[in-house]
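Participant: What follows is a structure written as structure tokens; I'll ask about it next.
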Amino acid sequence: MTLELREGTLFVEGTAPCDWVDNLASRVSSLHGISRVRSDGVKQTGADQQLAWNQYLAKLGETPGILVLENGRWEDAFYIAGMRDPMAPDPVAMLPDVGLNPDTVRSKWEPYQALRPELVIARARRSLAPPASVTLTLKDDVLVAEGEAAHVWVSEAIRSARGIAGISRFDTGRLQDTDMIAYNGVAALLEEEVFYYLANRRDLWPGQENKFRAFIENVSRFSSISRRLGGGYRIEVRGHTRASDNEEADIAASLTIADRFYSRLRSQHLDMELLVKRGMGGNVADGAKRADVQRREAQVSFRVVPVD
């Protein structure tokens, strides 16, 4: 490099890095006797790298979730520092896209959580890992789930969504819990059934064998669904019979009917913890009110109830 001062103008010639040339004016601005700098005679080196660096900075500035706080050049390397959302692209991986060697750039990125909608929804999808049958969208700051999923995922997603930055509420109004749907379906089938006992209150009326087999299958289904829902449900085996005009006697007699049917279920290798017995006295089961008088002598009905 050669420096020559002519009437207050500093003429600079030779070869120098482009960043040195860029900073030349500011370096000599405080020197007395120099009013202007002419560096057009300098052959600049590294111009292509500086151009690539400027492109890199512009690209980072357009990328959601990346905040550049400091950048520059130190000796033969570029340096940059800032903040990066985990859902944003890796700034180091972006260097080759603009023709920069990662070995020539010193980077330091601190994690933070940006509130840009595209990053919030990406964070929600990664955190909740929805099945293919569920769609997640963000409306303002409300996370909306649509589709259908198993109860385990729905319950866990409701808990996990509370900790996702940028979400004020998790809307599951349009999300169908497939296990709850199955539960409601099988519960309705169980509660529709009524079994009739002969007048001796010991044996079932003939012709109910197929209905009994279907009932056992539905109890087994209910057992599986209840486990997926975390338990907390029981099937009441309700006995109905009128033994006398005494309410206590009717309760005792109807409980005996319930106990007989309960014992019959025990032989089917069911989960008996799901079943409880209850005497309903002389009340006729809802499903038996249209039956003939003889069949209304003694019946067993069922009710699915939650357990506190």
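Participant: Calculate for the chain the 222 nm mean residue ellipticity that helices alone would give, adding -39,500 (n - 2.57) per DSSP H run of length 4 or more and normalising by residue count, nearest 500 deg cm²/dmol.
Facilitator: When only DSSP H runs of four or more count, the value is -10500 deg cm²/dmol.
Participant: Report, for the chain, the % of DSSP beta bridges that are antiparallel, rounded to 5.
Facilitator: Antiparallel: roughly 55 percent of the beta bridges in the chain.
Participant: Here are several values of Kirkwood radius over Cα pairs in Å: (1) 26.9; (2) 19.1; (3) 21.0. Which one was derived from the coordinates shown?
Facilitator: After the calculation, the listed value that fits is (1).
Participant: If you line up the Cα atoms of segment 186-308 on their principal axes, what length do they span on each, largest first, in Å?
Facilitator: Each principal axis gives a Cα extent; for segment 186-308 these are 44, 33, 26 Å.
Participant: Among Asp179, Asp76, Asp203, determine the one that fluctuates most according to a GNM of the chain built with springs between C-alpha atoms less than 10 Å apart.
Facilitator: Maximum among the listed residues: Asp76.
Participant: So, one more: How much of Phe170 can a 1.4 Å solvent probe reach, expressed as accessible area in Å² and rounded to 10?
Facilitator: Estimated to the nearest 10 Å², Phe170 gives 40 Å².
Participant: Each residue of segment 266-272 in turn: what ³J(HN,Hα) in whole Hz from Karplus with 6.51, -1.76, 1.60 and θ = phi - 60°, glycine and Pro shown as x?
Facilitator: 4, 6, 9, 6, 8, 7, 5
Participant: Same structure again: Mind checking the full-extension length gain between Leu270 and Asp171? Use 0.36 nm per residue of separation minus the Cα-Cα distance, one decimal, nm.
Facilitator: Taking 0.36 nm per residue and subtracting the Cα distance, the gain is 31.9 nm.
Participant: Classify segment 9-68 as rounded, prolate or oblate, taking a ≥ b ≥ c as the square roots of the eigenvalues of its Cα gyration tensor: rounded when a/c is under 1.5, otherwise prolate if a/b is larger than b/c and oblate if not.
Facilitator: Taking the square roots of the gyration eigenvalues as a ≥ b ≥ c, segment 9-68 is oblate.
Participant: Using a ≥ b ≥ c from the Cα gyration tensor of segment 94-213 (square roots of the eigenvalues), is it rounded, prolate or oblate, where a/c under 1.5 gives rounded and otherwise the larger of a/b and b/c decides, a/b for prolate?
Facilitator: Values: a/c = 5.13, a/b = 3.74, b/c = 1.37.
Prolate.
Participant: What spacing in nm lies between the two simple spin-label points modelled at Ala249 and Glu4, each 7 Å away from Cα in the Cβ direction?
Facilitator: 13.3
Participant: Compute the long axis of helix 151-161 from its Cα atoms, compare it with the longest principal axis of the Cα atoms of the chain, and write down the angle in degrees, 0 to 90, nearest 10.
Facilitator: Result, in degrees: 40.
Participant: At a Förster radius of 22 Å, what calculated FRET efficiency corresponds to the Cβ-Cβ distance of Asp22 and Glu110, to the nearest 0.05?
Facilitator: Working from the Cβ atoms, E equals 0.20.
Participant: Whole number in Å², please: accessible area per residue of the chain, 1.4 Å probe, ligands, DNA and RNA not counted.
Facilitator: Per-residue value: 57 Å².
Participant: Using the Cβ atoms and a cut-off under 15 Å, what net charge is assigned to the surroundings of Gly282, where Lys and Arg are +1 and Asp and Glu are -1?
Facilitator: +1
Participant: How far is the Cα center of segment 238-305 from the Cα center of segment 63-92, in Å?
Facilitator: 74
Participant: Over the residues of segment 28-175, compute the C-alpha Rg and express it relative to 2.2 N^0.38 Å.
Facilitator: 1.57
The values are calculated or read from the model by the stated rules, or taken from the named source; none is laboratory data. Nothing here was measured: the structure is a model prediction, and the numbers come from that model. Cβ coordinates were reconstructed from backbone atoms using ideal geometry, including for glycine residues, and neighbour counts include every protein chain displayed. Keep in mind that these areas ignore ligands, DNA and RNA; they rest on the heavy atoms of the full protein, side chains included. Shrake-Rupley method; radii C 1.70, N 1.55, O 1.52, S 1.80 Å.
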